[in-house]
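Enquirer: I'd like to ask some things about the structure below.
The values are calculated or read from the model by the stated rules, or taken from the named source; none is laboratory data. Predicted, not measured: the structure shown is a model, and the values here were computed from it. Cβ atoms come from the backbone with ideal geometry, glycine included; neighbour counts cover every protein chain shown. The accessibility values were calculated without ligands, DNA or RNA, using every heavy atom of the protein model including side chains. Shrake-Rupley method; radii C 1.70, N 1.55, O 1.52, S 1.80 Å.
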Amino acid sequence: MKFPTDLPIWQKLIDDHTETKHEHLRDVFAKDPQRAERYWLEVGGISVDYSKNRINDTIMADLVQLARDTGVPERMKQMFQGEKINVTEERAALHIALRNRANTPIYVDNQNVMPKINQVLQQMADFAQQVRDGQWKGYTNQAITDIINIGIGGSNLGPRMMCTALRPFGHQRLRMHFVSNVDDAQLQDTLAKVQPETTLFIIASKTFTTQETITNALAAREWFLKTASQADIAKHFVAVSSNQQAVVEFGINPTHMFEFWDWVGGRYSLWSAIGLPIMLYLGEEQFIEMLEGAHLMDQHFINTPLTHNLPVTLALLGVWYNNFYNGKSHVIAPYDEHLHHLPRFIQQLDMESNGKSIQLDGKATNTFTCPIIWGETGSNGQHAFFQLLHQGTHIIPIDMIVSLEKSRHSNQHNILVANVFAQAEAFMRGKTAEEAEAELRAQGLPEQRIAQLVPHKTFSGNRPSNMILMQKINPKNMGTLIAMYEHKVFVQGIIWGINSFDQWGVELGKQLAQTILSEFNDNTEQPHDSSTSRLIKRYKHFIKQTQEQKHQ
Ligand code: F6P
């Protein structure tokens, strides 16, 4: 397998960078009035203005060539055909099947996966209807009012992000809660808000072995059994998993289990039964709308030439900064409070998928892979870290996401939209020393003060951003948006030659934590480095002291 850097097109892109790196976007815009029109793509309710990037037609054509030369079109096809592209786990990556609204057959191991997908969807819809209508009763014959999803990583972030994003579309009676952290504080804080007789627990874990989830689930069951009986568990605990045996061992009836499959990666699973909280909150119709929105993006992705392909374009822009501009991080800034979980959702999607340094052939990569993804809602971020984005020493590309339409149009929304557009403009044009000087002079400041302040009030500009406009935040558009990011991540993984669908990097910490935990529990000592040993001793000493104090 070749390194992408060995391809002639890589060298061409290095030359493109050398030739254009001193061009300023301000001048580029001034020379090219059609630029905004040309670098604009729309899919369903999502429009992306990517004109404020440090690109030109040649660069874009060369980036597309890079996608071709690294085999992007072939790998895309393989994914859609259900091939086992997740080679280290010998699995397909078929989140696209979960939202295949055309219902065309998709085969894994010669078996069409669509019938079982549709069957689980129906099971979820029937269950959701009963809970939503109040027919599903708790052990005191009352309707469910609170739903607690216990799951972590992909079994938490997707449903949580969607339920928050789509709050205006949610069921009036149902309150959604999410417990992920093994820190007892999160579960206890949540349980303090609910009553056992009207609470439904969803234990969501693909493997059903995840320590945090199983520990929290056992604690929740213990809390529940303080007031209810063992037989009542059936009305209050359901499971979402691909591991039926473990679900049964936990004490949940398999009829109350919603299945999904090994070819659904955790961070790509919100479209599967892991989306049960979303189905419960939104109802079947709106859940299907979300799937339709994602399907729309899937169709665009697989059928549109690379040159006009939205996820491919975003992926290529990311590669451009990551590998040619040495930009090591990427900001996600949704200008919408309801999207406040989006940055961390994309963080897992991107960093767990592409945070790797080994190619598919087992060789170490020789170029940078996934950037660090971080972010916060605007306008909050503006008053926290945007200083660095404007005047810091790093070039950090940013995706700004904003919805045109709001369920309640207010003056605040105008302010929000004005701010997001202004930020993108400011990142792009900056402020020259001459402009800063003229402003200070207009304020009547003495010359010496002006000279002192000008460097500080100058903005270099030329800082890239994508403006992602959503017509409205609704189930369909959210589906389209998230599918767009999923495919972007996939394309980047192909270009870097890595497997975006495994996550071995999370295993070592889990293994070591088991050893340390056993040392706490059995009061034994295992060999560690001096730092780890000292930390363990310190904690054990603290526990011992507290126990002794209790007994005094
Ligand atoms: O440890 C990482 C991870 O495996 C994620 O990939 C996954 O989303 C999360 O843990 C939860 O896993 P599970 O759904 O099996 O509990």
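Enquirer: Compute the distance from the alpha-carbon center of the range 176-227 to that of the range 461-525, in whole Å.
Expert: 23 Å
Enquirer: Let me ask you something else. With the contact rule set at Cα under 8 Å and sequence spacing of 6 or more, what percent relative contact order holds for the chain?
Expert: 19 percent
Enquirer: Same structure, new question: Gain in length, Y539 to K406, computed as 0.36 nm per residue apart minus the alpha-carbon separation, to one decimal in nm? Before the final figure, lay out the partial values.
Expert: Numbers: separation 133, 0.36 × 133 = 47.88 nm, distance 5.06 nm.
Full extension of this stretch gives 42.8 nm more.
Enquirer: Note down the relative contact order for the range 13-147 as a percent, whole number, built from C-alpha pairs under 8 angstrom at least six residues apart.
Expert: Details: 88 pairs, mean separation 14.1, N = 135.
In percent, rounded to a whole number, it is 10.
Enquirer: Still on this structure: Under a 1.4 Å probe, what is the accessible area of the range 107-287 per residue, stated in Å²?
Expert: Value returned for the range 107-287: 39 Å² of accessible area per residue.
Enquirer: With a 1.4 Å probe and all protein chains kept in place, how much accessible area does M1 have, in Å² rounded to the nearest 10?
Expert: 100 Å²
Enquirer: Additional query: Please quote Rg/Rh for the range 107-287 to two decimal places, taking the Kirkwood radius as Rh and restricting both calculations to Cα atoms.
Expert: 0.94
Enquirer: Which aspartates and glutamates, on any chain, are close to K84 with Cα under 19 Å apart, when same-chain ones fewer than 8 places away are left out?
Expert: K84 reaches E74, D109, D262, D298, E352, D361, E486, D502.
Enquirer: Give the carbon-plus-sulfur fraction of the accessible surface of the range 107-287 in %, rounded to a whole number; probe 1.4 Å, heavy atoms of protein chains only.
Expert: Working: 3180 of 7130 Å².
Roughly 45 percent, rounded to a whole number.
Enquirer: Sorted by packing (mean other beta-carbon atoms within 10 Å per residue), highest first, where do 421-434, 344-357 land?
Expert: Listed from highest to lowest mean packing, they are 344-357, 421-434.
Enquirer: Still on this structure: How high is the FRET efficiency between T104 and Q130 when r is their beta carbon distance and R₀ equals 30 Å, given to the nearest 0.05? Show your work: numbers first, answer last.
Expert: Details: r = 31 Å, r/R0 = 1.02.
So the FRET efficiency works out to roughly 0.45.
Enquirer: Once Lys and Arg get +1 and Asp and Glu get -1 on their Cβ, which of N521, Q511, Q545 lies farthest toward the positive end of the dipole of the range 507-550?
Expert: Q545
Enquirer: Go ahead and run the numbers for FRET between H456 and N326, Cβ-Cβ distance against an R0 of 30 Å, rounding to 0.05.
Expert: Details: r = 25 Å, r/R0 = 0.84.
Working from the Cβ atoms, E equals 0.75.
Enquirer: Could I ask something else about it? Could you work out what % of the accessible surface of the range 507-550 is carbon and sulfur, using a 1.4 angstrom probe and leaving DNA, RNA and ligands out of the count?
Expert: On the way: 2030 of 3830 Å².
The value for the range 507-550 is 53 percent carbon and sulfur by accessible area.
Enquirer: Pull up the DSSP beta bridges for the chain and report the antiparallel fraction as a percent, rounded to 5. Show your work: numbers first, answer last.
Expert: On the way: 14 of 46 bridges.
The antiparallel proportion sits near 30 percent.
Enquirer: Sticking with this one: Within a Cβ distance under 9 Å of A424, other residues only, what is the Lys/Arg minus Asp/Glu net charge?
Expert: Local charge sum for A424: -1.
Enquirer: Expressed as a rounded percentage, what relative contact order does the range 256-334 have, with Cα pairs under 8 Å and six or more residues apart?
Expert: 12 percent
Enquirer: Do any of K2/K356; K52/K431; K193/K235; K12/K488; K363/K510; K137/K193 go past 21 Å between their Cα atoms, and which?
Expert: As for pairs spanning more than 21 Å Cα to Cα, those are K12/K488; K363/K510.
Enquirer: So which DSSP H runs in the chain come out at 30 Å plus along the axis (Cα) with average Kyte-Doolittle of at least 0.0?
Expert: What comes out of the filter, once short or polar helices are dropped, is 475-496.
Enquirer: While we're here: How big is the gap, in Å, between the Cα center of the range 385-418 and the Cα center of the range 40-115?
Expert: 28 Å
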